[in-house]
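Below you'll find the structure, written out as structure tokens, and then a few comments.
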Amino acid sequence: MNQNTCAYTLRIMEQLLKVVQQLSATHDLEAVMDIVRHSVRELTGSDGATFVLRDGDSCYYAEEDAITPLWKGLRFPMKICISGWVMQNRQPAIIEDIYKDNRIPIDAYRKTFVRSLAMVPIKTNNPIGAIGCYWSKIYSPTPEQIQVLQVLADTAAIAIDNIGYQENIARQARLLEEGIDGTLLTVAKMVELKDPYTSGHQRRVGILSFDIACELGWDKKRCETLRRAAIVHDIGKIGIPGELLSKPSQLTPQEFSLIQTHAEMSYDILKDVNFLMPIAQIICQHHERIDGSGYPHGLKTENILPEAKIIAVADVFEAMTSHRPYRPALGIDAALAELILNKGVLYDPEVVDSLVRLMKEKDYRIPE
Ligand SMILES: [Fe+2]
């Protein structure tokens, strides 16, 4: 191998490596096609490249990069086009002169610049497409060029498979999340059956907590976790007698302390469930207050989880603005005034500010 050939091969190897890296980081088919069609031309020095996908019994010319337009967006029956031949025979087609090869549908080529071509299948065992490159003169592609083309096709096949796996994983994760949401809402309803006056309370606290967290600029995933925790924040009430929960008159101090046990009971119920997030701790703290006057542990601000601080505010606000048998609903302004009064004492100032901003400046209302 002389020095020039050596330098050329090295350059091609470097470029190929770059393309392989780009393809392995790709998450969608459009990007795969885009990378391939450009790199095919660059690496083979051809005048055009196409990316063909199998679509049932048709060959779909999905992408191209060529000196003048070829067949982008068109479909041809597998039987009559060369990409179909490549896929059906699971092997490359190398054609020096298209006018001398009876596999070529000559009418489709006559109006193009193409005089010679090389085409390889994507996934040789079970082709899902083909990659082709074209020259405007009679040309005999070198074995190296065919090899480069096949490496591109094989890498594209892996990238396409990866996209499929990722989509599948995302679909499974979505289903799992829907399942978790459904389960949490069912549990919330079971709790609320004991106290019909608070029906929908936890769901609404979930929505409001989510929106407060978004307003605070939290990332979506953390907001979602918070919403899920809030949906079951009173789960421990399942262990409290129903007549106490819906008692229409003032509670005695003993009754009130019994109700207060629901926070720790919530923790006990959920502590062994692996939610990949500390849901049990969050809801255990939703009655803690930043000055240490809350329950069950009298935690002060630095020891209360930010999620619990948000649920605390959302919980109080939702409760105050909802009707109860022993008192009418407080208006939004009165409820906000109460929270502002205790801002920095009982409630986290940033959380209260965020709720006030939502209600006053953005005219937010908890969706039914
Ligand atoms: Fe509670």
For this session: Could you look through region 206-264, keep only residues that are of a type in the set (Gly, Ala, Ser) and open to solvent by 50 Å² or more (accessible area, probe 1.4 Å), and pick out the one that is nearest to the chain's Cα centre (by Cα)?
Result: Gly217
Exercise. Quick check, is Leu341 surrounded by fewer than 18 Cβ atoms within 10 Å (Cβ to Cβ), within 14 Å of the ligand (Cβ to nearest atom) and free of Cβ contacts under 8 Å to residues at least 24 places away in the same chain?
Worked result: no
Exercise. Wholly within region 237-290, which helices (runs of 4 or more DSSP H) include no fewer than the required count, namely at least 3 residues that are over 20 Å from Ala188 (Cα atoms)?
Worked result: 253-260
For this session: Test each condition in (1) under 28 Å from Thr9 (Cα atoms); (2) open to solvent by 50 Å² or more (accessible area, probe 1.4 Å); (3) in a helix (DSSP H, G or I) for Ser140 and report the one that comes out false.
Result: (3)
Problem set entry | Among (1) within 16 Å of the ligand (Cβ to nearest atom); (2) hydrophobic (A, V, I, L, M, F, W, C); (3) surrounded by fewer than 18 Cβ atoms within 10 Å (Cβ to Cβ) - the single one Val273 does not satisfy | (1)
For this session: Confirm whether Ile98 is in contact with a helix residue (DSSP H, G or I) (Cβ under 7 Å, 6 or more places away or on another chain), in the same structural domain as His27 (by TED's automatic domain parsing) and farther than 25 Å from Glu30 by Cα.
Result: yes
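Taking Ala188, is it under 23 Å from the mean Cα position of the chain (by Cα), within 14 Å of the ligand (Cβ to nearest atom), under 29 Å from Val352 (Cβ atoms) and surrounded by 18 or more Cβ atoms within 10 Å (Cβ to Cβ)? I'd like the intermediate steps shown before the answer.
Working: under 23 Å from the mean Cα position of the chain (by Cα): no; within 14 Å of the ligand (Cβ to nearest atom): yes; under 29 Å from Val352 (Cβ atoms): yes; surrounded by 18 or more Cβ atoms within 10 Å (Cβ to Cβ): yes.
The answer is no for Ala188.
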Exercise. Exactly one of (1) open to solvent by 50 Å² or more (accessible area, probe 1.4 Å); (2) in contact (Cβ under 8 Å) with a residue 40 or more places away in the chain is unmet by Tyr165. Its number?
Worked result: (2)
Exercise. Could you list, in sequence order, the residues of region 248-266 that are touching a residue at least 24 places away in the same chain (Cβ under 8 Å) and away from the ligand (no atom under 12 Å from the Cβ)?
Worked result: Pro248, Ser249, Gln250
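In region 290-306, how many residues are within 14 Å of the ligand (Cβ to nearest atom) and open to solvent by less than 30 Å² (accessible area, probe 1.4 Å)? Break it down stepwise before answering.
Keep residues of region 290-306 that are within 14 Å of the ligand (Cβ to nearest atom), which gives 294-296.
When the remaining residues are screened for being open to solvent by less than 30 Å² (accessible area, probe 1.4 Å), the result is 294.
Qualifying residue count for the region: 1.
Taking the condition open to solvent by 80 Å² or more (accessible area, probe 1.4 Å) and of a type outside the set (Asp, Glu), does Lys360 pass? Write out each step before concluding.
On the way: open to solvent by 80 Å² or more (accessible area, probe 1.4 Å): yes; of a type outside the set (Asp, Glu): yes.
Considered against the rule, which asks whether it is open to solvent by 80 Å² or more (accessible area, probe 1.4 Å) and of a type outside the set (Asp, Glu), Lys360 comes out as yes.
Taking region 71-83 as the region of interest, how many residues are farther than 18 Å from Ile35 by Cα and either open to solvent by 20 Å² or more (accessible area, probe 1.4 Å) or in contact with a Pro (Cβ under 7 Å, 6 or more places away or on another chain) (or both)?
In the first step, residues of region 71-83 are kept if they are farther than 18 Å from Ile35 by Cα; the result is 71, 74-83.
Now restrict to residues that are either open to solvent by 20 Å² or more (accessible area, probe 1.4 Å) or in contact with a Pro (Cβ under 7 Å, 6 or more places away or on another chain) (or both): 74-77, 79-81.
Looking only at that region, the number is 7.
For region 34-59, how many residues are part of a strand (DSSP E or B) and open to solvent by 60 Å² or more (accessible area, probe 1.4 Å)? Talk me through it step by step, then tell me what you get.
Going residue by residue through region 34-59, those that are part of a strand (DSSP E or B) are 48-55, 58-59.
Right, trim to open to solvent by 60 Å² or more (accessible area, probe 1.4 Å) and you get 54-55.
Qualifying residue count, region 34-59: 2.
Scan region 39-59 residue by residue and report those that are among the hydroxyl-bearing types (Ser, Thr, Tyr) and either in contact with an Asp or Glu (Cβ under 9 Å, 6 or more places away or on another chain) or in contact (Cβ under 8 Å) with a residue 40 or more places away in the chain (or both).
Of the residues in region 39-59, the ones among the hydroxyl-bearing types (Ser, Thr, Tyr) are 39, 44, 46, 50, 58.
The answer is Ser39, Thr44, Ser46, Thr50.
The values are calculated or read from the model by the stated rules, or taken from the named source; none is laboratory data. Everything quoted here is computed from the prediction, not taken from an experiment. Note that we place each Cβ from the backbone using ideal geometry, even for glycine, and neighbour counts take in every protein chain shown. Side chains are part of the model used for accessible areas, which takes the heavy atoms of the whole protein and leaves out ligands, DNA and RNA. Shrake-Rupley method; radii C 1.70, N 1.55, O 1.52, S 1.80 Å.
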